[in-house]
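Some notes on the structure that comes next.
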Amino acid sequence: MLPYLLLLLVSTVFPLLVYQHGSLIYGDDYSYIVRKRNKMTFVLFFLGLFVLLALRDITVGTDLRTYKVIFETCFDSAFESLSDLQWELGYTVYNKIVAMVSTNYRFFLILTAVFVLIPVYKLYSKETKFSFLAIVLFINMPCFLMIFSGLRQAMAISIGVLAYMAVENRRYILSILLVILAIAFHVSAFVLFLIYPAFLFRIKTKHLLYIVPVLIAIYLFRVPMLNFLIGFLPTHYVTFYGEVRQTGALGMMLLFLVFFVFSFTILDENAMSKRDYFMRNVLLISTVFQFFVPIHGLIQRASYYFLIFVPISIISVVQAPKKWLKNVSDAAIIVMGCFFALYFFYNGLFSTDNLLDVFPYKFFWSGEVW
(Lines give C-alpha, C1' and ligand atoms only; values in the text may rest on other atoms or scores of the structure.)
Protein backbone atom coordinates (compact mmCIF):
# COMPACT_ATOMS: atom_id res chain seq x y z
CA MET A 1 0.00 0.00 0.00
CA LEU A 2 3.02 2.29 0.37
CA PRO A 3 3.09 3.52 -3.28
CA TYR A 4 -0.62 4.43 -3.07
CA LEU A 5 -0.04 6.25 0.22
CA LEU A 6 2.85 8.21 -1.29
CA LEU A 7 0.73 9.01 -4.35
CA LEU A 8 -1.97 10.51 -2.15
CA LEU A 9 0.42 12.34 0.17
CA VAL A 10 2.65 13.85 -2.51
CA SER A 11 -0.25 15.01 -4.67
CA THR A 12 -2.06 16.71 -1.79
CA VAL A 13 0.59 17.79 0.72
CA PHE A 14 3.21 19.14 -1.71
CA PRO A 15 0.87 21.76 -3.28
CA LEU A 16 -0.06 22.95 0.20
CA LEU A 17 3.61 23.43 1.05
CA VAL A 18 4.36 25.20 -2.22
CA TYR A 19 1.49 27.67 -1.84
CA GLN A 20 1.53 28.12 1.93
CA HIS A 21 3.02 31.59 1.47
CA GLY A 22 0.89 32.37 -1.56
CA SER A 23 -0.98 35.19 0.14
CA LEU A 24 2.29 37.06 0.58
CA ILE A 25 2.99 36.80 -3.14
CA TYR A 26 -0.47 37.27 -4.62
CA GLY A 27 -1.96 39.53 -1.99
CA ASP A 28 -5.58 38.91 -1.16
CA ASP A 29 -6.33 36.91 -4.32
CA TYR A 30 -6.94 33.72 -2.38
CA SER A 31 -9.05 32.21 -5.18
CA TYR A 32 -5.99 32.34 -7.46
CA ILE A 33 -3.98 30.42 -4.87
CA VAL A 34 -6.70 27.79 -4.52
CA ARG A 35 -6.92 27.31 -8.30
CA LYS A 36 -3.16 26.89 -8.66
CA ARG A 37 -3.03 24.54 -5.70
CA ASN A 38 -5.82 22.39 -7.08
CA LYS A 39 -4.26 22.28 -10.53
CA MET A 40 -0.93 21.15 -9.07
CA THR A 41 -2.74 18.49 -7.03
CA PHE A 42 -4.32 16.97 -10.13
CA VAL A 43 -1.09 17.17 -12.13
CA LEU A 44 0.91 15.41 -9.42
CA PHE A 45 -1.77 12.80 -8.81
CA PHE A 46 -2.15 11.79 -12.45
CA LEU A 47 1.60 11.88 -13.06
CA GLY A 48 2.06 9.64 -10.04
CA LEU A 49 -0.74 7.33 -11.18
CA PHE A 50 0.91 7.12 -14.60
CA VAL A 51 4.18 6.07 -12.95
CA LEU A 52 2.38 3.34 -10.98
CA LEU A 53 0.67 2.07 -14.13
CA ALA A 54 3.86 2.19 -16.20
CA LEU A 55 6.07 0.44 -13.64
CA ARG A 56 3.64 -2.11 -12.22
CA ASP A 57 4.41 -5.77 -12.37
CA ILE A 58 2.29 -7.96 -14.61
CA THR A 59 0.74 -9.44 -11.45
CA VAL A 60 -0.70 -6.05 -10.42
CA GLY A 61 -4.00 -6.36 -12.23
CA THR A 62 -5.84 -9.65 -12.60
CA ASP A 63 -6.08 -9.55 -16.38
CA LEU A 64 -2.62 -8.32 -17.40
CA ARG A 65 -1.32 -11.79 -18.23
CA THR A 66 -4.33 -12.40 -20.46
CA TYR A 67 -3.82 -9.06 -22.18
CA LYS A 68 -0.20 -10.03 -22.85
CA VAL A 69 -1.46 -13.10 -24.69
CA ILE A 70 -3.90 -10.91 -26.66
CA PHE A 71 -1.07 -8.52 -27.56
CA GLU A 72 1.14 -11.36 -28.81
CA THR A 73 -1.76 -12.96 -30.69
CA CYS A 74 -2.57 -9.71 -32.48
CA PHE A 75 1.08 -9.24 -33.41
CA ASP A 76 1.16 -12.69 -35.01
CA SER A 77 -2.13 -12.15 -36.86
CA ALA A 78 -2.65 -10.36 -40.15
CA PHE A 79 -4.90 -7.31 -40.21
CA GLU A 80 -7.55 -9.14 -42.20
CA SER A 81 -7.62 -11.91 -39.57
CA LEU A 82 -8.23 -9.64 -36.57
CA SER A 83 -12.01 -9.80 -37.01
CA ASP A 84 -11.82 -13.57 -36.52
CA LEU A 85 -10.43 -13.20 -33.01
CA GLN A 86 -12.78 -13.36 -30.02
CA TRP A 87 -12.04 -9.84 -28.78
CA GLU A 88 -13.54 -6.53 -29.90
CA LEU A 89 -12.16 -5.38 -33.24
CA GLY A 90 -11.19 -1.88 -32.10
CA TYR A 91 -9.01 -3.27 -29.33
CA THR A 92 -7.33 -5.88 -31.55
CA VAL A 93 -6.57 -3.26 -34.22
CA TYR A 94 -5.07 -1.06 -31.51
CA ASN A 95 -2.88 -3.96 -30.37
CA LYS A 96 -1.78 -4.66 -33.92
CA ILE A 97 -0.82 -1.04 -34.57
CA VAL A 98 1.17 -0.78 -31.33
CA ALA A 99 2.88 -4.12 -32.04
CA MET A 100 4.03 -2.74 -35.40
CA VAL A 101 5.89 -0.03 -33.48
CA SER A 102 7.20 -2.24 -30.68
CA THR A 103 6.58 -5.81 -29.57
CA ASN A 104 7.61 -4.94 -26.01
CA TYR A 105 4.65 -5.48 -23.70
CA ARG A 106 6.01 -2.90 -21.25
CA PHE A 107 5.88 -0.29 -24.03
CA PHE A 108 2.29 -1.35 -24.71
CA LEU A 109 1.32 -0.88 -21.04
CA ILE A 110 2.98 2.55 -20.90
CA LEU A 111 1.28 3.75 -24.08
CA THR A 112 -2.08 2.43 -22.93
CA ALA A 113 -1.67 4.23 -19.59
CA VAL A 114 -1.13 7.49 -21.48
CA PHE A 115 -4.26 6.99 -23.58
CA VAL A 116 -6.36 6.06 -20.55
CA LEU A 117 -5.24 8.85 -18.21
CA ILE A 118 -5.17 11.92 -20.45
CA PRO A 119 -8.98 12.19 -20.95
CA VAL A 120 -9.63 11.51 -17.26
CA TYR A 121 -7.08 14.15 -16.28
CA LYS A 122 -8.68 16.68 -18.65
CA LEU A 123 -12.07 15.99 -17.05
CA TYR A 124 -10.86 16.31 -13.46
CA SER A 125 -8.45 19.21 -13.98
CA LYS A 126 -11.35 21.52 -14.84
CA GLU A 127 -12.31 21.49 -11.18
CA THR A 128 -10.80 24.48 -9.38
CA LYS A 129 -11.85 23.48 -5.86
CA PHE A 130 -11.84 20.44 -3.60
CA SER A 131 -9.28 18.47 -5.59
CA PHE A 132 -8.49 16.28 -2.57
CA LEU A 133 -12.12 15.22 -2.26
CA ALA A 134 -12.29 14.46 -5.99
CA ILE A 135 -9.18 12.29 -5.76
CA VAL A 136 -10.20 10.27 -2.71
CA LEU A 137 -13.63 9.66 -4.23
CA PHE A 138 -12.00 8.59 -7.50
CA ILE A 139 -9.65 6.04 -5.91
CA ASN A 140 -12.63 4.48 -4.12
CA MET A 141 -14.58 3.97 -7.35
CA PRO A 142 -14.32 0.48 -8.91
CA CYS A 143 -13.26 2.10 -12.18
CA PHE A 144 -9.98 3.13 -10.49
CA LEU A 145 -9.08 -0.53 -10.02
CA MET A 146 -10.21 -1.25 -13.58
CA ILE A 147 -7.51 1.09 -14.91
CA PHE A 148 -4.88 -1.29 -13.48
CA SER A 149 -6.44 -4.48 -14.82
CA GLY A 150 -9.07 -4.29 -17.56
CA LEU A 151 -7.23 -2.55 -20.38
CA ARG A 152 -10.02 -2.86 -22.95
CA GLN A 153 -12.63 -1.35 -20.70
CA ALA A 154 -10.26 1.24 -19.25
CA MET A 155 -9.72 2.58 -22.77
CA ALA A 156 -13.46 2.43 -23.48
CA ILE A 157 -14.13 4.44 -20.31
CA SER A 158 -11.66 7.13 -21.36
CA ILE A 159 -13.15 7.30 -24.84
CA GLY A 160 -16.52 7.72 -23.11
CA VAL A 161 -15.11 10.73 -21.25
CA LEU A 162 -14.09 12.22 -24.61
CA ALA A 163 -17.61 11.53 -25.90
CA TYR A 164 -19.06 13.51 -22.98
CA MET A 165 -16.66 16.39 -23.63
CA ALA A 166 -17.79 16.45 -27.26
CA VAL A 167 -21.44 16.64 -26.13
CA GLU A 168 -20.54 19.45 -23.74
CA ASN A 169 -19.05 21.35 -26.68
CA ARG A 170 -22.13 20.54 -28.83
CA ARG A 171 -20.13 18.35 -31.21
CA TYR A 172 -22.80 15.68 -31.31
CA ILE A 173 -21.68 13.76 -34.40
CA LEU A 174 -18.15 13.46 -33.01
CA SER A 175 -19.61 12.31 -29.72
CA ILE A 176 -21.63 9.53 -31.37
CA LEU A 177 -18.56 8.40 -33.33
CA LEU A 178 -16.58 8.27 -30.08
CA VAL A 179 -19.28 6.15 -28.41
CA ILE A 180 -19.14 3.74 -31.36
CA LEU A 181 -15.36 3.66 -31.00
CA ALA A 182 -15.71 2.89 -27.28
CA ILE A 183 -18.04 -0.02 -28.14
CA ALA A 184 -15.34 -1.26 -30.52
CA PHE A 185 -13.05 -1.55 -27.48
CA HIS A 186 -15.60 -3.05 -25.07
CA VAL A 187 -19.17 -3.94 -25.96
CA SER A 188 -20.47 -2.80 -22.56
CA ALA A 189 -19.82 0.78 -23.69
CA PHE A 190 -23.23 0.82 -25.42
CA VAL A 191 -24.57 2.25 -22.13
CA LEU A 192 -22.73 5.47 -23.02
CA PHE A 193 -25.73 6.41 -25.15
CA LEU A 194 -27.33 7.34 -21.81
CA ILE A 195 -25.11 10.42 -21.66
CA TYR A 196 -27.39 12.13 -24.19
CA PRO A 197 -30.62 12.10 -22.17
CA ALA A 198 -28.53 12.78 -19.05
CA PHE A 199 -27.19 15.92 -20.70
CA LEU A 200 -30.46 17.10 -22.24
CA PHE A 201 -32.95 16.60 -19.38
CA ARG A 202 -33.05 18.80 -16.31
CA ILE A 203 -34.43 16.60 -13.56
CA LYS A 204 -35.51 18.73 -10.60
CA THR A 205 -36.57 18.00 -7.05
CA LYS A 206 -40.24 18.31 -7.99
CA HIS A 207 -39.79 15.39 -10.37
CA LEU A 208 -38.90 13.07 -7.49
CA LEU A 209 -42.64 12.57 -7.01
CA TYR A 210 -42.50 10.43 -10.15
CA ILE A 211 -38.88 9.23 -10.00
CA VAL A 212 -38.92 7.69 -6.53
CA PRO A 213 -41.81 5.28 -7.26
CA VAL A 214 -40.03 4.27 -10.47
CA LEU A 215 -36.82 3.61 -8.54
CA ILE A 216 -38.71 1.48 -6.02
CA ALA A 217 -40.34 -0.51 -8.83
CA ILE A 218 -36.98 -1.05 -10.55
CA TYR A 219 -35.48 -2.34 -7.32
CA LEU A 220 -38.40 -4.69 -6.59
CA PHE A 221 -38.49 -6.14 -10.11
CA ARG A 222 -34.77 -5.97 -10.89
CA VAL A 223 -34.32 -9.77 -11.19
CA PRO A 224 -36.93 -10.39 -13.91
CA MET A 225 -35.89 -7.16 -15.65
CA LEU A 226 -32.27 -8.24 -15.77
CA ASN A 227 -33.15 -11.78 -16.90
CA PHE A 228 -35.03 -10.19 -19.80
CA LEU A 229 -32.19 -7.82 -20.73
CA ILE A 230 -29.35 -10.33 -20.63
CA GLY A 231 -31.27 -12.42 -23.14
CA PHE A 232 -30.03 -9.94 -25.77
CA LEU A 233 -26.35 -10.29 -24.82
CA PRO A 234 -23.79 -12.51 -26.56
CA THR A 235 -23.69 -15.98 -25.02
CA HIS A 236 -20.02 -15.80 -23.97
CA TYR A 237 -20.73 -12.75 -21.78
CA VAL A 238 -23.53 -14.56 -19.97
CA THR A 239 -21.33 -17.65 -19.57
CA PHE A 240 -18.38 -15.65 -18.22
CA TYR A 241 -20.33 -13.55 -15.72
CA GLY A 242 -22.79 -16.23 -14.68
CA GLU A 243 -26.50 -16.15 -14.08
CA VAL A 244 -28.54 -13.63 -12.15
CA ARG A 245 -28.22 -14.34 -8.45
CA GLN A 246 -28.35 -12.54 -5.11
CA THR A 247 -24.84 -11.81 -3.79
CA GLY A 248 -25.70 -9.65 -0.79
CA ALA A 249 -23.20 -6.97 -1.90
CA LEU A 250 -25.20 -3.94 -0.84
CA GLY A 251 -22.51 -1.51 0.33
CA MET A 252 -22.08 0.47 -2.90
CA MET A 253 -25.82 0.52 -3.50
CA LEU A 254 -26.45 2.11 -0.10
CA LEU A 255 -23.60 4.58 -0.67
CA PHE A 256 -25.09 5.74 -3.95
CA LEU A 257 -28.51 6.09 -2.42
CA VAL A 258 -26.91 8.43 0.12
CA PHE A 259 -25.20 10.35 -2.72
CA PHE A 260 -28.52 10.57 -4.58
CA VAL A 261 -30.44 11.93 -1.57
CA PHE A 262 -27.56 14.28 -0.72
CA SER A 263 -27.49 15.76 -4.23
CA PHE A 264 -31.23 16.51 -4.32
CA THR A 265 -31.24 17.87 -0.77
CA ILE A 266 -28.17 20.12 -0.88
CA LEU A 267 -28.07 21.55 -4.40
CA ASP A 268 -29.54 24.98 -5.06
CA GLU A 269 -31.40 24.46 -8.32
CA ASN A 270 -31.51 28.21 -8.97
CA ALA A 271 -27.72 28.21 -9.20
CA MET A 272 -27.30 25.00 -11.22
CA SER A 273 -25.76 25.01 -14.68
CA LYS A 274 -26.50 22.53 -17.46
CA ARG A 275 -23.33 20.71 -16.45
CA ASP A 276 -24.54 20.51 -12.83
CA TYR A 277 -27.78 18.91 -14.00
CA PHE A 278 -25.83 16.40 -16.07
CA MET A 279 -23.63 15.49 -13.12
CA ARG A 280 -26.65 15.02 -10.86
CA ASN A 281 -28.31 12.90 -13.53
CA VAL A 282 -25.15 10.80 -13.57
CA LEU A 283 -25.66 10.12 -9.86
CA LEU A 284 -29.21 9.01 -10.62
CA ILE A 285 -28.06 6.68 -13.41
CA SER A 286 -25.25 5.31 -11.22
CA THR A 287 -27.73 4.63 -8.42
CA VAL A 288 -29.97 2.65 -10.77
CA PHE A 289 -26.98 0.62 -11.96
CA GLN A 290 -26.10 -0.15 -8.34
CA PHE A 291 -29.54 -1.75 -7.88
CA PHE A 292 -28.40 -4.46 -10.30
CA VAL A 293 -24.74 -4.80 -9.30
CA PRO A 294 -25.46 -7.13 -6.33
CA ILE A 295 -27.15 -9.63 -8.65
CA HIS A 296 -24.87 -9.66 -11.71
CA GLY A 297 -21.21 -8.73 -12.26
CA LEU A 298 -21.71 -7.56 -15.84
CA ILE A 299 -23.83 -4.65 -14.64
CA GLN A 300 -20.96 -3.41 -12.50
CA ARG A 301 -18.84 -3.35 -15.65
CA ALA A 302 -21.52 -1.29 -17.37
CA SER A 303 -21.68 1.14 -14.44
CA TYR A 304 -18.00 2.10 -14.73
CA TYR A 305 -18.73 4.49 -17.61
CA PHE A 306 -20.69 6.68 -15.20
CA LEU A 307 -18.73 6.03 -12.00
CA ILE A 308 -15.81 7.90 -13.56
CA PHE A 309 -17.99 11.06 -13.36
CA VAL A 310 -19.20 10.52 -9.80
CA PRO A 311 -16.33 12.39 -8.04
CA ILE A 312 -16.99 15.40 -10.27
CA SER A 313 -20.71 15.04 -9.58
CA ILE A 314 -20.12 15.25 -5.83
CA ILE A 315 -17.87 18.29 -6.33
CA SER A 316 -20.67 19.95 -8.30
CA VAL A 317 -23.05 19.27 -5.42
CA VAL A 318 -20.87 20.74 -2.67
CA GLN A 319 -20.00 23.81 -4.75
CA ALA A 320 -23.60 24.95 -5.21
CA PRO A 321 -25.48 24.27 -1.96
CA LYS A 322 -28.60 26.03 -0.78
CA LYS A 323 -27.56 29.00 1.36
CA TRP A 324 -29.14 27.66 4.52
CA LEU A 325 -27.35 24.32 4.01
CA LYS A 326 -23.89 25.80 3.37
CA ASN A 327 -22.61 24.68 6.79
CA VAL A 328 -23.88 21.15 6.15
CA SER A 329 -22.15 21.12 2.77
CA ASP A 330 -18.86 22.36 4.27
CA ALA A 331 -19.01 19.70 6.97
CA ALA A 332 -19.78 17.02 4.35
CA ILE A 333 -16.63 17.95 2.43
CA ILE A 334 -14.46 17.32 5.50
CA VAL A 335 -16.30 14.15 6.52
CA MET A 336 -16.24 12.61 3.03
CA GLY A 337 -12.61 13.57 2.48
CA CYS A 338 -11.45 11.92 5.71
CA PHE A 339 -13.75 8.91 5.44
CA PHE A 340 -12.91 7.96 1.86
CA ALA A 341 -9.17 8.50 2.34
CA LEU A 342 -9.19 6.11 5.30
CA TYR A 343 -11.60 3.68 3.66
CA PHE A 344 -9.38 3.27 0.59
CA PHE A 345 -6.44 2.06 2.67
CA TYR A 346 -8.60 0.01 5.02
CA ASN A 347 -10.20 -1.71 2.03
CA GLY A 348 -6.83 -2.34 0.40
CA LEU A 349 -5.33 -3.82 3.54
CA PHE A 350 -8.20 -5.83 5.01
CA SER A 351 -10.81 -6.47 2.33
CA THR A 352 -11.46 -10.12 1.50
CA ASP A 353 -12.59 -9.17 -2.00
CA ASN A 354 -10.27 -9.80 -4.91
CA LEU A 355 -9.94 -6.07 -5.78
CA LEU A 356 -8.48 -7.15 -9.14
CA ASP A 357 -5.12 -7.94 -7.49
CA VAL A 358 -4.23 -4.24 -7.44
CA PHE A 359 -3.14 -4.55 -3.80
CA PRO A 360 -0.38 -4.92 -2.79
CA TYR A 361 1.69 -3.06 -5.37
CA LYS A 362 4.78 -4.59 -6.98
CA PHE A 363 7.27 -2.94 -9.34
CA PHE A 364 8.09 -5.01 -12.43
CA TRP A 365 11.80 -5.26 -11.59
CA SER A 366 11.23 -6.26 -7.97
CA GLY A 367 10.02 -9.47 -6.39
CA GLU A 368 8.90 -7.57 -3.29
CA VAL A 369 5.45 -6.24 -2.59
CA TRP A 370 4.89 -2.72 -1.32
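The values are calculated or read from the model by the stated rules, or taken from the named source; none is laboratory data. Just so you know, these numbers come straight off a predicted model, no measurement behind them. Every residue, glycine as well, gets a Cβ built from its backbone with ideal geometry; the counts of neighbours run over all protein chains shown.
A few points about this structure:
- Residue 350 modelled with pLDDT of 90 or more and either surrounded by fewer than 22 Cβ atoms within 10 Å (Cβ to Cβ) or over 23 Å from residue 158 (Cβ atoms) (or both): no
- Where helices (runs of 4 or more DSSP H) fall entirely within the range 167-240, those with at least 3 residues that are at pLDDT 90 or above, loosely packed, with under 12 Cβ neighbours inside 10 Å and over 22 Å from the mean Cα position of the chain (by Cα) are at 208-220.
- The one condition from (1) free of Cβ contacts under 8 Å to residues at least 24 places away in the same chain; (2) under 19 Å from the mean Cα position of the chain (by Cα) that residue 120 does not meet is (1).
- Scanning the range 80-99 for residues that are at pLDDT below 90 and either among the β-branched types (Val, Ile, Thr) or more than 20 Å from residue 159 (Cα to Cα) (or both) yields 80, 81, 82, 83, 84, 85, 86.
- Residue 359 fulfils the conditions (1) of a type in the set (A, V, I, L, M, F, W, C); (2) in a helix (DSSP H, G or I); (3) within 26 Å of residue 118 (Cβ to Cβ) except for a single criterion, (2).
- Residues (among the small types (Gly, Ala, Ser) and either in a helix (DSSP H, G or I) or buried (at least 22 other Cβ atoms within 10 Å of the Cβ) (or both)) located in the range 122-156: 131, 134, 149, 150, 154, 156
- Here is the figure for the range 27-85: residues that are touching a Ser or Thr at 6+ places or on another chain (Cβ under 7 Å) and among the aromatic types (Phe, Trp, Tyr) total 4.
- Exactly one residue among 108, 75, 130 is touching a helix residue (DSSP H, G or I) at 6+ places or on another chain (Cβ under 8 Å) and on the phi > 0 side of the Ramachandran plot, and that residue is 130.
- Only one entry of 92, 62 meets the criterion of being surrounded by 14 or more Cβ atoms within 10 Å (Cβ to Cβ) and part of a helix (DSSP H, G or I), and that entry is 92.
- Test result for residue 77, modelled with pLDDT under 90, out of contact with any Asp or Glu (no Cβ under 7 Å at 6 or more places or on another chain) and either of a type in the set (D, E, K, R) or within 21 Å of residue 103 (Cβ to Cβ) (or both): yes
- Among residues of the range 260-283 that are acidic (Asp, Glu), those with a beta-carbon under 6 Å from a residue that is not in a helix (DSSP H, G or I) at least six positions away or on a different chain give the pairs 268/320; 268/322; 269/204.
- Any chance residue 302 is of a type outside the set (Lys, Arg) and surrounded by 20 or more Cβ atoms within 10 Å (Cβ to Cβ): yes
- Residue match in the range 68-84 (condition: under 23 Å from the mean Cα position of the chain (by Cα), in a helix (DSSP H, G or I) and not basic (Lys, Arg)): no
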